[in-house]
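Mind looking over this structure? Questions follow.
The values are calculated or read from the model by the stated rules, or taken from the named source; none is laboratory data. Since we're looking at a predicted model, the values are computed, not measured. No Cβ is skipped: glycine too gets one built from the backbone with ideal geometry, and neighbour counts run over all protein chains shown.
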Amino acid sequence: MIYVEKFTFRETGIIKLEELKRLNLLPPQERLLKGPVAILECPEEIPCNICVPFCPSKAIQMESIIALPKIVWDKCTGCGICVAVCPGLAAFVVDISKQDADYVTIPHELLPVPRVGDKVMILSRSGEILGEGVVIRVWERNKTYVITIKVPKGLGLEVRAILSRPLK
Amino acid sequence: MPHIDRRIYEHPIITFNRGKRVIFYFEGHPIEAYEGESVAVALYALGVDVFSWSPKFSRPRGPFCMIGKCSSCFMTINGVPNIKACKYPVQEGLVVERQRSWGLLAKSSILEDYKPASSEKIETDVLVIGGGPAGLIAALTAANYDLNVVIVDEHFKLGGQLLKQTHKFFGNVELFGGLRGFQIAEELAKKIALEKRIRVLMSTIAYGVFRGGYVGVVGENAHYIIKPKALIIATGAQEKYLDFPNNDLPGVIGAGGAQTIMNEFGVKPGESALIVGSGNVGLIVAYQLLQAGVRVRAVIEILPEIGGWFIHAAKIRRYGIPILTRHTIKYVEGDVRVRKATIIAVDEKFNPLPGTEKEFDVDLVLLAIGLEPDSRLAIQAGAVVKYMPELGGFVPVRTRFLETTVKNMYIAGDISGIEEATAAMLEGKIASLAIASRLVDTSRSSKALEEAEKILKFLWEEYRASPLLLRAKRGKEAVTISINELEVLRKKFPSPVSFG
């Protein structure tokens, strides 16, 4: 009998990489090393498929409105449209293919909106401050800002939020 | 008068376009407010935390639901007592006073001078009670089949609880998915305004259903007797209360009430918050508080796991907001407003574990422990209802087309059992299409039925197939009956009222 560890994200509100992997939501290592790719941290069968029609590369597939999203990894260009449109703010783009640093694209809906070149605090899925990142790109769609940050090498799969200043 | 300004001037999502400045009088003090604000919100914005005192023990009462479902904001306005200040728009020169006991008429001359408004009689095809997502979609659907519609809503703005939803909606693009709730409200209100067949009665209350199929509707200076061929009740839901010491202290607010204050009107509900309940409402309000610049200390949940969807939880966890499962609130303290909240861990049987108390210095405790369908009007009309914990309370028994045991009286949205706005809109559509199929000529009637069947199939087989909606789905299955069963119930519990 194979022992399968129980998912804990419903108790913690934090999903582990291993859990994303088991749900086929994590790109394979070889794809990650090729360049920017989307990661949809959407592990539950909720009735939503907004990302599917908006993906310009038709890389996201869903069998029904409640199915988990499936990305055809080689079709995904890492453009970040899904980051902008996902109502759950659960889409991210990660680029760990560069030598000097990792790059993470996240949705951001808090003030102040950082500008390109700003140094920002980088936060993990549990809100732990992981260090400092530099804002590389900022664009907006219906008030969701899509922000690409350069983060220290090795943190690409960990950084999921930024803050320009500490929360009160 | 306290001198603070809680208005929000910068928000990441919403631009608050405040109307013309008006001055009204609150217990002798001139109050500056903006057109489009309610009296309750305008007072709260300036730091008035106490809206009334309980008649018996003179305990201070603050805002709670902010949508006209509770009584904590009853004030005397221009001499008339028991006015819901949360539903009363500010106007130049209003004289507002708080009530320290039962509401009393300021002077008897008000009664002597009172001339009842003449009653307008309206005959219409469809009467919709409630201008939220279910009601508005129902009205637009009926108008699309050339039916005349009257919408009655208690608020002075259309949209119901969509007005305070700042997150982008789930679902798919055809169901407004991707748009934010308040944007959906704006879009629907625009469409309604363009429909010549829809008449909207704002700031009015449907107070009763009467023999002969009449509905009484009253506004401040207006009275309507409406005789519709079909009635759709889309009155939504009210927030549930939780029992703990000092739960009536100002600062203990319904999570939805806080959303109204902050997202509909752009006023900060407080500085530091504790949220009780980790369902989607609790999780979403925590995120919205962050966006409004309010500190969120924690979300607590009595169950061993988070109640709402993971994605909503992840949105607040990544900013470091703890979600404490297996915890409940023990009590709150404060004199005229919450100053401190004490929480406590519970065991498997939800018994508090002494010694595990934690204290938070907060001025806000938001209750997000669930909603209760507002089925009062349906019950008054004589509809057969059933108590369904999985749906939040008493709900009318209905066919899959949402007709109740009162002939031609339909329900849609949260009154049929708590789900969310997308399901509410689909139900509004189904009810209206069923009505259209009865009222329009045969060629279009079959088209309406076909359309209804398609939506029913999507709602039951695809949308509600989500395991996260299973509890509500099972509840709805249990109160959805066949036409034959409906006829049996109608014979057994005949309603004195019918429409058509």
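Sort out for me the strands (runs of 3 or more DSSP E) sitting completely within the stretch B:144-241 that have 2 or more residues that are in contact (Cβ under 8 Å) with a residue 24 or more places away in the chain, surrounded by 21 or more Cβ atoms within 10 Å (Cβ to Cβ) and under 20 Å from the mean Cα position of the chain (by Cα).
Of the strands (runs of 3 or more DSSP E) lying wholly inside the stretch B:144-241, those with at least 2 residues that are in contact (Cβ under 8 Å) with a residue 24 or more places away in the chain, surrounded by 21 or more Cβ atoms within 10 Å (Cβ to Cβ) and under 20 Å from the mean Cα position of the chain (by Cα) span B:149-152, B:222-233, B:237-239.
Filtering the stretch A:142-161 down to residues that are in contact with a His (Cβ under 8 Å, 6 or more places away or on another chain) and within 11 Å of chain B (Cβ to nearest Cβ), which residue is nearest to B:Val296 (Cα to Cα)?
Here is the first cut: in the stretch A:142-161, the residues in contact with a His (Cβ under 8 Å, 6 or more places away or on another chain) are A:144-147, A:161.
Checking which are within 11 Å of chain B (Cβ to nearest Cβ) leaves us with A:144-145, A:161.
Values: A:Thr144: 21, A:Tyr145: 22, A:Ala161: 17 Å.
Selected residue: A:Ala161.
Provide a single number: the residues in the stretch A:38-56 that are of a type in the set (Asp, Glu) and surrounded by fewer than 22 Cβ atoms within 10 Å (Cβ to Cβ). Explain how you work it out, then say what you get.
First pass over the stretch A:38-56, keeping only residues of a type in the set (Asp, Glu): A:41, A:44-45.
This time we only want the ones that are surrounded by fewer than 22 Cβ atoms within 10 Å (Cβ to Cβ), so: A:44-45.
Count: 2.
Among the residues of the stretch A:117-129, which ones are under 16 Å from the mean Cα position of the chain (by Cα) and either over 14 Å from B:Gly320 (Cβ atoms) or more than 10 Å from every other protein chain (Cβ to nearest Cβ) (or both)?
First, pick out the residues of the stretch A:117-129 that are under 16 Å from the mean Cα position of the chain (by Cα): A:122-127.
Answer for the stretch A:117-129, where residues must be under 16 Å from the mean Cα position of the chain (by Cα) and either over 14 Å from B:Gly320 (Cβ atoms) or more than 10 Å from every other protein chain (Cβ to nearest Cβ) (or both): just A:Ile122.
OK, next. Need the failing condition index for B:Ser101 against (1) of a type in the set (S, T, N, Q); (2) part of a strand (DSSP E or B); (3) within 18 Å of B:Val336 (Cβ to Cβ), just the number.
(2)
Identify the residue in the stretch B:313-347 that is away from chain A (no Cβ under 14 Å) and in a loop (DSSP other than H, G, I, E, B) and, among all such residues, is farthest from B:Leu274 (Cα to Cα). Outline the logic, then answer.
First, the residues of the stretch B:313-347 that are away from chain A (no Cβ under 14 Å): B:328-347.
Then keep just the ones that are in a loop (DSSP other than H, G, I, E, B); that gives B:334-339, B:347.
Values: B:Gly334: 15, B:Asp335: 18, B:Val336: 18, B:Arg337: 14, B:Val338: 11, B:Arg339: 11, B:Asp347: 21 Å.
Looking at residues that are away from chain A (no Cβ under 14 Å) and in a loop (DSSP other than H, G, I, E, B), I get B:Asp347.
Go through the residues of the stretch B:353-363 one by one and say whether even a single one is among the acidic types (Asp, Glu) and more than 14 Å from chain A (Cβ to nearest Cβ).
Just the residues of the stretch B:353-363 that are among the acidic types (Asp, Glu), to begin with: B:357, B:359, B:361, B:363.
Remaining after also requiring more than 14 Å from chain A (Cβ to nearest Cβ): B:357, B:359.
Yes, that holds for at least one residue.
Please work out which residue is nearest to A:Gly35 (Cα to Cα), limiting yourself to the stretch A:84-105 and to residues that are at the interface with another protein chain (Cβ under 10 Å from one of its Cβ atoms) and in a loop (DSSP other than H, G, I, E, B).
Ranking the qualifying residues of the stretch A:84-105, first place goes to A:Ala90.
Looking at B:Val299, B:Val281 in this structure, which one is within 23 Å of the chain's Cα centre (by Cα) and in a helix (DSSP H, G or I)? Let's see the steps before the verdict.
Working: B:Val299 fails: in a helix (DSSP H, G or I).
Result of the check over B:Val299, B:Val281: B:Val281.
I'd like the residue in the stretch A:131-145 that is of a type in the set (Lys, Arg) and more than 16 Å from the chain's Cα centre (by Cα) and, out of all such residues, is nearest to A:Pro112 (Cα to Cα).
A:Lys143
Regarding A:Glu45, is this residue more than 9 Å from chain B (Cβ to nearest Cβ) and either outside any loop (DSSP other than H, G, I, E, B) or free of Cβ contacts under 8 Å to residues at least 24 places away in the same chain (or both)? First the steps, then the outcome.
On the way: more than 9 Å from chain B (Cβ to nearest Cβ): no; either outside any loop (DSSP other than H, G, I, E, B) or free of Cβ contacts under 8 Å to residues at least 24 places away in the same chain (or both): yes.
Answer is no for this residue.
Considering each of A:Ser164, A:Ser124, A:Ser97 in turn, give the residue that is at pLDDT below 95 and either in contact with a His (Cβ under 8 Å, 6 or more places away or on another chain) or among the hydroxyl-bearing types (Ser, Thr, Tyr) (or both).
Result of the check over A:Ser164, A:Ser124, A:Ser97: A:Ser164.
Could you list, in sequence order, all residues of the stretch A:139-157 that are outside any strand (DSSP E or B) and in contact with an Asp or Glu (Cβ under 9 Å, 6 or more places away or on another chain)? Break it down stepwise before answering.
The initial filter retains those residues of the stretch A:139-157 that are outside any strand (DSSP E or B), namely A:142-143, A:153-157.
Answer for the stretch A:139-157, where residues must be outside any strand (DSSP E or B) and in contact with an Asp or Glu (Cβ under 9 Å, 6 or more places away or on another chain): A:Lys143, A:Lys153, A:Gly154, A:Leu155, A:Gly156, A:Leu157.
Please specify each residue of the stretch B:206-249 satisfying the condition of being of a type in the set (A, V, I, L, M, F, W, C), touching a Lys or Arg at 6+ places or on another chain (Cβ under 9 Å) and closer than 30 Å to B:Asp49 by Cα. Break it down into steps so the answer makes sense when it comes.
Of the stretch B:206-249, the ones of a type in the set (A, V, I, L, M, F, W, C) are B:206, B:209-210, B:215, B:217-218, B:222, B:225-226, B:230-234, B:237, B:242, B:244, B:249.
Those left that are additionally touching a Lys or Arg at 6+ places or on another chain (Cβ under 9 Å): B:215, B:225-226, B:230, B:237, B:244, B:249.
Residues satisfying the conditions are B:Ala237, B:Phe244, B:Leu249.
From the list B:Lys340, B:Lys358, which residue is in contact with a Gly (Cβ under 9 Å, 6 or more places away or on another chain) and at pLDDT 95 or above?
Working: B:Lys358 fails: in contact with a Gly (Cβ under 9 Å, 6 or more places away or on another chain).
Just one listed residue meets the conditions, B:Lys340.
If A:Ser97 meets every condition in (1) in contact with a Phe, Trp or Tyr (Cβ under 8 Å, 6 or more places away or on another chain); (2) surrounded by fewer than 20 Cβ atoms within 10 Å (Cβ to Cβ) apart from one, which number is that one?
Failed condition: (1).
Just to be sure I understand, how many residues within the stretch B:153-207 are more than 14 Å from chain A (Cβ to nearest Cβ) and on the phi < 0 side of the Ramachandran plot?
The first filter runs over the stretch B:153-207 and keeps only residues more than 14 Å from chain A (Cβ to nearest Cβ), leaving B:153-164, B:185, B:188-207.
Within this subset, residues satisfying the condition of being on the phi < 0 side of the Ramachandran plot are B:153-158, B:161-164, B:185, B:188-202, B:204-207.
Qualifying residue count, the stretch B:153-207: 30.
What pairs come out if I take residues in the stretch A:3-32 that are more than 10 Å from chain B (Cβ to nearest Cβ) and among the acidic types (Asp, Glu) and pair them with residues that are surrounded by fewer than 19 Cβ atoms within 10 Å (Cβ to Cβ) and not in a loop (DSSP other than H, G, I, E, B) whose C-beta lies under 9 Å away, six or more apart or interchain?
Matching pairs, first to second residue: A:Glu5/A:Glu18; A:Glu5/A:Glu19; A:Glu5/A:Arg22.
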